[in-house]
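All remarks here apply to the structure that follows.
The values are calculated or read from the model by the stated rules, or taken from the named source; none is laboratory data. Predicted model, so just to flag it, every value in this text is computed and none were measured. Every residue, glycine as well, gets a Cβ built from its backbone with ideal geometry; the counts of neighbours run over all protein chains shown. Heads up: the accessible areas ignore ligands, DNA and RNA and are worked out on the full protein's heavy atoms, side chains in. Shrake-Rupley method; radii C 1.70, N 1.55, O 1.52, S 1.80 Å.
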Amino acid sequence: MEPKYGDVIKITLQGDAWALYVDNGEIVHLVLIDEASGTNSAAAKRKVKLKKDLLSTVSGNSKSNYHVENKYDGSLHIRETRAIQRSVDLLLKNQVIYEIEGIFEQYSQLIVEQLRYDNTDMECSGANPGDLIEMPSPGLLYSHWGVYVGNGYVVHLVKEDSMGSSGSSSGSLFDSLFGSGYVWKDRLTEYVPDKNYKVNNKYDKNYPPRDVRDIIKEANEQAWKKHEYDLLTMNCEHFATKLRYSTAVCGELLNVLIAVVSAVRRSSSSSSSR
């Protein structure tokens, strides 16, 4: 059977190896990333990361050395293709490094199967559905915000051209501050791999939270869609608080305004120096 996007691949060239098929003859799989990881001791600590390769290369150019093995399709929920694609993109972009202790092949299988399937093990400790999640925005004066919807997922609004990850956007200054956004539904531990996030329902004393079921329903309906983005009136915090309270609030507006002024000054300085 020819593999399709999101299929779990078992490769038997040299022992058992596990991968996820991602189309165009490519797979993603875990690889060891340091010398110490080469030990065969089951108790040894290893550092590993996700890597993209050609299936033909990893399987020794022989179809007899691999097969599709989606063995939990009947018992676990299969994620949507777009969700799998998003996870793969984030893990590769963020160069997430795992430190494991145990048998490499078993951990490799676990990570690959977590990409294909949803399960309750992905829940984030301390977070309850409907909670506001505050996440770091490296290099910026303000935080990034989203709403936790359970099973490890956070729904959040970002500028459409930023892939939902931190960093500078291309285009004009106006485009970077206003215009079109996109609502992602991400696994929180993939979007913030260092787990530097916190639950922060800081407006609960001023605004009564909506029924959790309504928050989750609306958040899931908004996910995977384009959305208005305006740094001053509809940024990530406005979006998240509107889901939780039905009122768009941004307590970091002063920091946002400072960031806008700084961006304008940088743009003006760059233009005048040309």
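So what's the gap between the Cα centers of segment 1-19 and segment 68-144, to the nearest angstrom? When both Cα centres are located, 19 Å separates them. Over 32 Å between C-alpha atoms is what I'm after, so list which of Lys10/Lys226; Lys51/Lys217; Lys45/Lys226; Lys4/Lys226 land there. Among Lys10/Lys226; Lys51/Lys217; Lys45/Lys226; Lys4/Lys226, the Cα-Cα distance tops 32 Å for Lys10/Lys226; Lys51/Lys217; Lys45/Lys226.
For the residues Lys202, Lys71, a 1.4 Å probe over the protein chains yields an accessible-area ranking, largest first, of Lys71, Lys202.
Quick one: which of 47-54, 180-187 comes out on top by average Cβ neighbours within 10 Å, and what's the full order, highest first? Please report the intermediate quantities before stating the final value.
Working: 47-54: 16.1, 180-187: 20.5.
Highest-to-lowest ranking by the protection proxy: 180-187, 47-54.
Count Lys and Arg as plus one, Asp and Glu as minus one, and take only other residues whose Cβ is under 15 Å from that of Ser75; the net charge is then -2. Take Tyr245: with every protein chain present and a 1.4 Å probe, its accessible area is about 10 Å².
Using a 7 Å offset from the Cα along the Cα-to-Cβ direction at both Asp194 and Thr57, what is the distance between the two label points in nm, to one decimal? Taking the two extended label points, one gets 3.0 nm.
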